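The values are calculated or read from the model by the stated rules, or taken from the named source; none is laboratory data. All figures in this text were calculated on a predicted structure; none of them were measured in a lab. Cβ atoms come from the backbone with ideal geometry, glycine included; neighbour counts cover every protein chain shown. Each accessible area value is taken on the protein alone, full model and side chains, heavy atoms only, with ligands, DNA and RNA left out. Shrake-Rupley method; radii C 1.70, N 1.55, O 1.52, S 1.80 Å.
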Amino acid sequence: METVKRRALLGGSATMLTLLGTQQARSAFAAPPTSPSSSMPSRRARLEVTENPFGPAPAARRAIEQSVSFAPYYVEDETELRLRIAGQETLSRDQVALSNGSLDALSLLTCDIARGGTVLAPHPTYVTHLNYAARRGIETVYVPLREHQIDFVEMRRAITPATRMVYFCNPNNPTADDRS
């Protein structure tokens, strides 16, 4: 059970956790400032990135604090966590891959799948992993949204023999289009 907790909770945040004793880290986990007239944070959310202006939930904060002692150690075997996820989702263990958040997985998959070709994506959309792929020489062909919605007809028309991957997120970010 300890391996599951460590892998699920630490996933790439070991550096931050080892700093938890510092004032800088404590302030990073502190509740965001709020105005006296509202429970909303005074800072506005940026819609072009995956960001939570409210910070970690109280239960997540407690779990992070309880797992600090495990921060300096690498997980040697993630088999137990993969088996639990596979069982819950009725998959085989080999169908479960773990990463430090979705960006790592999206970036690696995009670069691997689209190698030698192009990616097709709506515009605007979440593009951090597409930018990562671009730095590795992979071109993204963008299809403009129509009335703030993904235009699947035009996306289909834009597919060419060079298209290695068609990408869209659901709901689309930043438009929240969830027609897919």
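Kindly indicate whether Ala59 is small (Gly, Ala, Ser) and either loosely packed, with under 15 Cβ neighbours inside 10 Å or on the phi > 0 side of the Ramachandran plot (or both). Outline the logic, then answer.
Working: small (Gly, Ala, Ser): yes; either loosely packed, with under 15 Cβ neighbours inside 10 Å or on the phi > 0 side of the Ramachandran plot (or both): yes.
Yes; evaluated as a whole, the condition is true for this residue.
Only residues that are farther than 30 Å from Ile138 by Cα and at pLDDT below 85 were counted across region 71-111, and they come to 6. Note on region 128-170: among residues that are of a type in the set (Gly, Ala, Ser) and in a loop (DSSP other than H, G, I, E, B), the one that is farthest from Asp104 (Cα to Cα) is Ala162.
Would you be able to tell me the number of residues in region 128-155 that are surrounded by 16 or more Cβ atoms within 10 Å (Cβ to Cβ), at pLDDT below 95 and of a type in the set (S, T, N, Q)? Of the residues in that region, 0 qualify. Scanning region 82-96 for residues that are open to solvent by 70 Å² or more (accessible area, probe 1.4 Å), in contact with a helix residue (DSSP H, G or I) (Cβ under 7 Å, 6 or more places away or on another chain) and among the hydrophobic types (A, V, I, L, M, F, W, C) yields one hit, Leu83. Taken as a whole, the condition of being surrounded by 13 or more Cβ atoms within 10 Å (Cβ to Cβ), modelled with pLDDT of 90 or more, not in a helix (DSSP H, G or I) and not aliphatic (A, V, I, L, M) applies to Thr125.
Pick from Ala158, Ala114: which is at pLDDT 95 or above, surrounded by 15 or more Cβ atoms within 10 Å (Cβ to Cβ) and among the aliphatic types (A, V, I, L, M)? Testing whether each residue is at pLDDT 95 or above, surrounded by 15 or more Cβ atoms within 10 Å (Cβ to Cβ) and among the aliphatic types (A, V, I, L, M) leaves just Ala158. Contact map, region 45-59: residues that are under 18 Å from Leu103 (Cβ atoms) and among the aliphatic types (A, V, I, L, M) paired with residues that are at pLDDT 80 or above and part of a loop (DSSP other than H, G, I, E, B), Cβ distance under 8 Å, separation 6+ or inter-chain. Pairs shown: Leu47/Asn173; Leu47/Pro174. Note on region 171-180: residues that are surrounded by 12 or more Cβ atoms within 10 Å (Cβ to Cβ) and either assigned to a helix (DSSP H, G or I) or charged (D, E, K, R) (or both) amount to 1. Exactly one residue among Leu120, Leu108 is of a type outside the set (Gly, Ala, Ser) and not in a strand (DSSP E or B), and that residue is Leu108.
Inside region 63-81, residues that are loosely packed, with under 11 Cβ neighbours inside 10 Å and part of a loop (DSSP other than H, G, I, E, B) make up a count of 5.
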